[in-house]
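See below for the structure under consideration.
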Amino acid sequence: MTYQKSITAFAEAQKHIPGGVNSPVRSFRSVGGNPLFIASAKGSKITDIDGNEFVDYVGSWGPMILGHTHPKVVAAIQETAALGASFGAPTLLETEAALQIKKMVPSVDSVRMVNSGTEATMSALRLARGYTGRDLVIKFEGCYHGHNDSFLIEAGSGALTFGVPNTPGVTKGTAHDTLTAKYNDLASVERLFEQNKDKIAAVILEPVTGNMGVIIPEKSFIEGLRKLCDENKTVLIFDEVMTGFRVSKGSAQEILGITPDLSTFGKIIGGGLPVGAYGGKQEIMDMLAPKGPVYQAGTLSGNPLAMAAGLTTLRLLDETPNFYEDLEKSSALLEEGLQNNLNELKFKGVINRVGSMFTLFFTEEDSVKSLADVNKCDTKLFAQYFKLSLDNGIYLAPSQYEAGFVSAAHSKEDIQKTVEASYMALKQLKG
Ligand SMILES: *Cc1c(COP(=O)(O)O)cnc(C)c1O
């Protein structure tokens, strides 16, 4: 395979765009390669500008659960575009989209549309603060909630006290208001509640993580969080930007059996267009302007093209018979194939999967349950695996700390090809 056109394109892009990309993970930096410039995509496949075709497990980092260029989604966008791209006034599509989300996720009484996952979590946090009259938020190490200042915080070396920013540009004041705890470690959250009585506005987490690779919450952990939030009158926010409509029709909260106070969405609800949303309990949502005092707005929020793409996608997920069952079957087939490869080649690794979200961790450990476990992974080995996979026609996320996504368009043949490519890559890595 030659990637010459992408190499030239990246060199040119770097002259005009910071780092050559509009979002850092696209740069392939953590696997030490040259990003591929994509020309087009269809179903489970993407094609780069050199004409190489790949089975795609990135799916635009989550949104493309139906596969690329689903004819109904394309038609919805085209038909809506012909009626006008944006009005800055209410449309019927917005109410229809809200109804569809409420139908699929019953914890949502009322929902506000925004333009990205980042905006959704930022706004949900402001709302939780406005509702409780408190300042502090608890997040978990390794969870990603977009690039808001409040969420770009890590715990300072081992101290589960006040966070320090992990990017320049975030003020000490902001960092001071963000506390970090450890995923799947309820005691780390209990301590923060004890130390900050009546000061914690919200606890936010990925109810199944994807942004440090796939990690599944333990039952006692997630139930404990719900209880702690109830006891302390703290708003529990499930950041379902990735898991929403991905892991099941009713999102992660459905499979976990836990009702959050607020949920944030993104990715799939836009069907590939820029959309985010946050919603939840009526009493909390009623605090939002124009009804209540908490301000949040957006010129392009509820944009007709984005609503049309998202609504069409959600309806297909809701109405296609056995949609999630079928997706589970092909995802399970992939997991089984990858696991067989590991067993056969006596290759150490851990596969975590929930529905169509999965991560193959290159680790000597027996399980991966927290950021500490994730940090034990061999990222150099992953980088080699990534490159070999690419050369074998498989497009994975260019980082160990990510989830892969199976779409409804992935056929048995695609899965078969992926398992074979993975076998060849692992065999080569064994040497
Ligand atoms: C992708 C993601 C975000 C950020 O969404 P953007 O649309 O990239 O701003 C927030 N939270 C989670 C869990 C995500 O996966």
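Could you tell me what fraction of 2.2 N^0.38 Å the Cα radius of gyration of region 98-146 comes to, as a two-decimal ratio?
1.31
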Discussion item. Need one number: nm distance between label points at Thr2 and Glu283, each 7 Å from Cα along Cα→Cβ, rounded to one decimal.
Written reply: 6.7
Practice prompt. Note down the nm distance, to one decimal, between modelled labels 7 Å out along Cα→Cβ at Lys219 and at Tyr295.
Written response: 4.7
Fill in: Computed FRET value (nearest 0.05) for Gln416 with Leu345, which takes r as the C-beta separation and R₀ as 25 Å
0.90
Response to the item:
Here the alpha-carbon Rg of the chain over 2.2 N^0.38 Å rounds to 0.97
Response to the item:
Rounded to the nearest 5, the percent of DSSP beta bridges in region 71-319 running antiparallel is 45
Worksheet entry | Only Lys, Arg (+1) and Asp, Glu (-1) charged, at Cβ; region 71-319 dipole about Cα centre in debye | 140
Worksheet entry | Normalised contact order of region 71-319, rounded percent, pairs of Cα under 8 Å and 6 or more residues apart | 29
Worksheet entry | FRET efficiency estimate (nearest 0.05) - Cβ-Cβ, Lys329 to Ala11, R0 35 angstrom | 0.25
Worksheet item: If region 71-319 were replaced by its equivalent ellipsoid, with semi-axes equal to the square roots of 5 times the Cα gyration tensor eigenvalues, what would those be, largest first, whole Å?
Response: 31, 19, 17
Discussion item. To make sure I understand, if each residue's beta carbon is the centre and we count other beta carbons within 10 Å, what order do Ser422, Ser116 fall in, fewest to most?
Written reply: Ser116, Ser422
Discussion item. Tell me the mean residue ellipticity at 222 nm calculated for the chain from its helices only (DSSP H runs of n ≥ 4, each -39500 (n - 2.57), averaged over every residue, nearest 500).
Written reply: -12000 deg cm²/dmol
Worksheet item: What is the antiparallel percent of DSSP beta bridges lying wholly in the chain, to the nearest 5?
Response: 60
Worksheet item: When DSSP assigns beta bridges and you keep just the ones with both residues in region 216-300, what percent turn out antiparallel, to the nearest 5?
Response: 50
Worksheet entry | Residue order, fewest to most surrounding Cβ atoms within 10 angstrom, among Ile49, Ile65 | Ile49, Ile65
Worksheet item: How many percent of Cα pairs in region 1-100 exceed 17 Å?
Response: 66
Worksheet item: What is the spin-label model distance, in nm, from Glu231 to Met424 if the labels are put 7 Å beyond Cα along the C-beta direction?
Response: 5.6
Worksheet item: For a paramagnetic label modelled at 7 Å from the Cα of His147 toward its Cβ, which residues of region 59-103 fall within the zone defined by backbone nitrogen distances under 20 Å?
Response: 59-63
Practice prompt. Mind sorting Met113, Met287 by how few other Cβ atoms lie within 10 Å of their own Cβ, fewest first?
Written response: Met287, Met113
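Report the FRET efficiency, 1/(1 + (r/R0)^6), for Asn166 and Ala82, where r is their Cβ-Cβ distance and R0 is 51 Å, rounded to 0.05. List each step's numbers first, then the result.
On the way: r = 45 Å, r/R0 = 0.89.
Plugging the Cβ-Cβ distance into 1/(1 + (r/R0)^6) gives 0.65.
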Worksheet entry | Qualifying trypsin sites (Lys or Arg not before Pro) in region 263-310, DSSP loop, other Cβ atoms within 10 Å at most 12 | Lys291
Worksheet entry | Equivalent ellipsoid dimensions for region 54-151 as semi-axes, Å, which come from the Cα gyration tensor, largest first | 29, 21, 13
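No lab work stands behind these numbers, since they all come straight from the coordinates. These figures come from a predicted structure and were not determined experimentally. Every residue, glycine among them, receives a Cβ derived from its backbone with ideal geometry; neighbour counts consider all protein chains shown.
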